1. List the number of the failed condition for B:GLY228; all other conditions in (1) surrounded by fewer than 14 Cβ atoms within 10 Å (Cβ to Cβ); (2) within 30 Å of B:ALA26 (Cβ to Cβ); (3) modelled with pLDDT of 85 or more hold.
2. Looking at segment B:36-50, which of its residues are of a type outside the set (Lys, Arg) and farther than 18 Å from B:THR163 by Cβ?
3. How about segment B:41-55: which of its residues are within 13 Å of chain A (Cβ to nearest Cβ), of a type in the set (Val, Ile, Thr) and either without any contact (Cβ under 8 Å) to a residue 24 or more places away in the chain or over 15 Å from B:ARG71 (Cβ atoms) (or both)?
4. When you scan segment B:6-52, how many residues do you find that are part of a loop (DSSP other than H, G, I, E, B), hydroxyl-bearing (Ser, Thr, Tyr) and surrounded by fewer than 24 Cβ atoms within 10 Å (Cβ to Cβ)?
5. Name the single residue that is surrounded by the fewest Cβ atoms within 10 Å (Cβ to Cβ) among those in segment A:164-189 being among the aromatic types (Phe, Trp, Tyr) and without any contact (Cβ under 8 Å) to a residue 40 or more places away in the chain.
6. Of a type in the set (Gly, Ala, Ser) and buried (at least 23 other Cβ atoms within 10 Å of the Cβ): which single residue out of A:ALA77, A:ALA47, A:ALA42 fits that description?
7. Among the listed residues A:ARG104, A:ARG161, A:ARG97, which satisfies the condition of being charged (D, E, K, R) and crowded, with 24+ Cβ neighbours inside 10 Å?
8. Consider segment B:56-102. How many of its residues are more than 10 Å from chain A (Cβ to nearest Cβ), among the charged types (D, E, K, R) and either farther than 22 Å from B:PRO162 by Cα or in contact with a strand residue (DSSP E or B) (Cβ under 9 Å, 6 or more places away or on another chain) (or both)?
Amino acid sequence: MNTLRATWLLTLRALREIVRQPVNEVGNLVIPLFFFAVTVGAVGRVAERAFGLENFVGFQMPVAVLNASASGTAGLAITQDVMSGYFEKLLLTPAPRFAVVFARVMADGIKAAVLAAVIGGIGLLVGSGFAAGPLGFLLLVAMAGAFGFAFSAFGVAFGLRTGSPQAAQLSFLLFFPLLFLAPAFAPKEIFAPWLRFAATINPVTYVLEGMRSLVLDGWAWAALGRAFAAIGGIGAFTLSLTVWALRSRA
Amino acid sequence: MTAIRAEKLTKQYRRGVLAVDGLDLAVPEGQIFAFLGENGSGKTTTVRMLTTLLRPTSGRAWVAGYDVLERPGDVRRAAGVALQEVGLDDLQTGRELLELQARLFGLSRSEARRRAAELLAVVGLDAHADRRLGTYSGGMRRRLDLAAALVHHPHVLFLDEPTTGLDPRSREHVWEYIRTINRQEGVTVFLTTQYLEEADRLADEVAIIHQGRIVAQGTPEALKSSIGADVLAVEFDGDPALSGRALEALAALPQAAEPRIADGQLYLYVREGARLVPRVVLELEEAGLRPRAITVARPTLDDVFLRITGHHLAASQPAAAPDGAGGATPAGQGAHR
């Protein structure tokens with residue numbers, strides 16, 4: 001069985017599951033939008049004056065996109081498959097074992113891209129603007145998908161290693177410190193030195209700045225390059241972790 | 001040709017538990033082979049090793065001629081597997097699950113559709129094909145799981161306790177289906193079971209596995225004949241120790257070789273048991289013992305199991321204590337319950 005074919009077939013199955021449980025995705029969409037609205041409403045005007053920003057809505061919109069992108073459920077879904085016995089049923093087919101896991105991560109990436117498109121669209125409606133234009137918007141959606149894909153593998157690795165749904169959801173908890181250690185609510189330049197250092201070594205900073213550059217600045221190639229390098233680094237780390245966890249189980 | 005072969009197959013878990021202990025096995029093509037044993041006897045571990053889900057600690061095994069360690073992909077293509085836990089995805093429909101399974105085995109989309117429809121009809125689920133699996137009953141899930149194991153026309157079918165938890169009607173349905181695929185498609189069937197009736201009625205050959213080792217093997221008739229005698233059971237009300245006293249009282253019977261006490265009953269393996277009953281009654285009367293019942297019967301696989309292991313197989317069914325705790329012991333060892 002060809003790895004790509006198996007991955008595609010299993011990705012379609014995972015997407016079908018996502019579509020059949022729409023309630024699960026309501027939270028993944030509403031919570032980032034809620035924080036987006038509250039943050040902009042509460043400190044938007046002050047932040048624009050204090051930080052010298054012209055467009056705090058555009059500054060915050062990528063935070064909501066990133067937040068939604070990290071809401072992958074592949075780890076949880078895999079542990080459910082393990083507990084139901086369906087995971088073993090799939091391992092008994094000639095499909096490469098990596099494809100069985102990889103497909104779930106792919107589905108999370110596609111889901112993240114869809115959520116990013118919806119949040120980006122709402123951001124446009126409420127005045128975020130989009131400096132990089134329609135192609136830039138598509139790149140933001142692709143970037144969100146890639147980040148969702150890379151980050152989702154964290155949960156998969158935890159889930160495979162422990163078999164615990166709770167552990168699989170730890171990845172989402174891990175995301176919040178990373179988001180708060182990034183310039184999510186204010187530019188990095190005003191941070192205290194220790195926080196600036198933390199933000200500098202935090203890969204989420206570069207993903208966020210890359211997305212933000214598309215919204216606020218247009219095509220800033222250096223920022224985009226750093227963003228994709230950060231996503232690549234996160235993906236390499238999480239997928240290696242996943243392969244290790246898969247070997248320990250299968 | 002041999003469909004399944006194992007040589008000194010062994011699995012020892014990290015905690016030191018020896019689940020399968022140097023198992024040798026050869027199952028000819030086209031046979032229905034039953035692996036009979038209690039919970040925890042090593043049946044499932046054997047199936048998991050033979051189907052590539054578990055790596056043996058030592059030993060070798062081949063399925064359809066392929067080495068399970070060296071050619072696991074070929075083993076998976078050749079084998080259909082329905083594990084004890086029915087592994088289904090509740091959010092898919094029956095049709096979707098079978099079609100996906102077929103496509104993962106390399107069938108084209110149209111072939112997968114055709115095969116799924118065919119199998120749904122065979123297992124009697126065509127009317128429910130487009131319902132999500134979360135709404136299926138236990139029997140329906142088991143039948144669909146069987147269908148999923150057959151989607152790629154396997155040479156060998158592994159069924160791990162295929163009827164556990166099913167009602168008698170569903171069990172009959174599954175048995176009939178297993179017979180049909182064995183007869184019509186020549187599929188070799190390797191099934192594990194803790195149900196004697198299942199092994200007796202379905203299998204061409206039975207292996208009894210006890211504590212990770214095969215302790216007896218043969219056709220059901222040959223195994224039963226191996227006892228070479230009738231089974232005379234003496235049953236008492238109340239105190240289980242009465243069986244021990246009865247054994248002492250009947251010790252003089254020359255025919256009473258290798259008796260067993262299980263579940264408070266005394267079992268004697270005797271020739272021409274019916275003719276011996278008056279003497280048994282007399283000896284027990286003289287010892288002041290009044291049995292509730294004395295029965296004489298032809299041996300069953302349960303008697304074979306009891307004689308070899310000292311346990312009734314029924315003692316290890318799900319409702320009983322783990323590891324057969326509370327089961328009977330060989331009378332020859334002088335134990336009483």
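1. For B:GLY228, the failing item is (3).
2. Passing the criteria: B:GLY40, B:GLY42, B:THR45, B:THR46, B:MET49, B:LEU50.
3. Answer for segment B:41-55, where residues must be within 13 Å of chain A (Cβ to nearest Cβ), of a type in the set (Val, Ile, Thr) and either without any contact (Cβ under 8 Å) to a residue 24 or more places away in the chain or over 15 Å from B:ARG71 (Cβ atoms) (or both): B:THR44, B:VAL47.
4. Total meeting the criteria: 2.
5. Applying the filter and picking the extreme gives A:PHE176.
6. A:ALA77
7. After ruling out the rest, the residue left standing is A:ARG104.
8. 4
The values are calculated or read from the model by the stated rules, or taken from the named source; none is laboratory data. Model, not experiment: these values are computed from the prediction. A quick note on method: Cβ atoms are made from the backbone with ideal geometry, for glycine too, and the neighbour counts reach across all protein chains shown.
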